[in-house]
Amino acid sequence: MLAVARDASQLRRQEQLSVQLQEALESRVVIEQAKGIIAERHTVSIDKAYQFIRPHARNNNASLRAVAQAIISVGLRV
């Protein structure tokens, strides 16, 4: 019985980790897309584009992913 409970607990942890990793991957994709948009818009490198996005997120108390999503979906200007 104890082994079953331990296995179920381990399975839940693995499922939580899987969800977290999927969310991180999805965030990364959104942020990379936004960096590409900003790089093209301002004719700068991808690294420099990130330097436009990150301070905007900090100054507006928003997550990097939220700012990136706004750049992609509504054309947020940074």
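The values are calculated or read from the model by the stated rules, or taken from the named source; none is laboratory data. Source: prediction; values computed, not measured. Backbone-built Cβ (ideal geometry, glycine too); neighbour counts: all protein chains shown. Heavy atoms of the whole protein, side chains included, go into the accessibility calculation; ligands, DNA and RNA do not. Shrake-Rupley method; radii C 1.70, N 1.55, O 1.52, S 1.80 Å.
How far apart, in nm, are the 7 Å Cα→Cβ label points at Ser63 and Gln14?
According to this spin-label approximation, the distance is 2.6 nm.
Given a 1.4 angstrom probe, what's the average accessible area per residue across the chain, in square angstrom?
74 Å²
State, in angstrom, two size descriptors of region 34-78 derived from its alpha carbons: Rg to one decimal place and Dmax to the nearest whole number.
9.3, 26
With charges only on Cβ, +1 for K and R and -1 for D and E, what is the dipole size of region 36-78 about its Cα centre, in debye, rounded to 20?
Working: 6 positive and 2 negative charges, 23 e Å.
Dipole about the Cα centre, nearest 20: 120 debye.
What is the helix-to-structure angle for 46-59, meaning the angle in degrees between its Cα long axis and the longest Cα principal axis of the chain, kept from 0 to 90 and rounded to the nearest 10?
That works out to roughly 80 degrees.
Roughly how tilted is helix 2-42, in degrees to the nearest 10 and between 0 and 90, from the longest Cα axis of the chain?
Once rounded, one gets 10 degrees.
Select from region 3-78 those trypsin sites (Lys or Arg not before Pro) which occupy a DSSP coil region and have at most 13 other Cβ atoms within 10 Å, ordered by residue number. Kindly include the intermediate steps, with their values, before the conclusion.
Numbers: sites: Arg6, Arg12, Arg13, Arg28, Lys35, Arg41, Lys48, Arg58, Arg65, Arg77; in loops: Arg77.
Passing both the DSSP loop test and the Cβ count: Arg77.
Most fluctuating residue of Gln22, Gln14, Gln51 in a GNM of the chain with Cα springs under 10 Å: which is it?
Top of the fluctuation ranking is Gln14.
Pull up all non-local amide H partners of Leu76: gap of 5 or more, or a different chain, and H-to-H distance under 5 Å with H placed in the peptide plane.
Those lying under 5 Å, H to H, from Leu76 are Ile71.
Let me understand the chain better: what is its radius of gyration from the alpha carbons, and its Dmax, in angstrom?
According to the Cα coordinates of the chain, Rg and Dmax are 18.1, 62 Å.
If contacts are Cα pairs under 8 angstrom and at least 6 residues apart, what is the relative contact order of region 27-78 in percent?
Values: 48 pairs, mean separation 21.5, N = 52.
Result for region 27-78 is 41 percent.
Leaving out ligands, DNA and RNA, what percent of the accessible area of the chain is carbon and sulfur, probe 1.4 Å? Can you show the working numbers first?
Working: 3130 of 5780 Å².
Carbon with sulfur: 54 percent of the solvent-accessible area.
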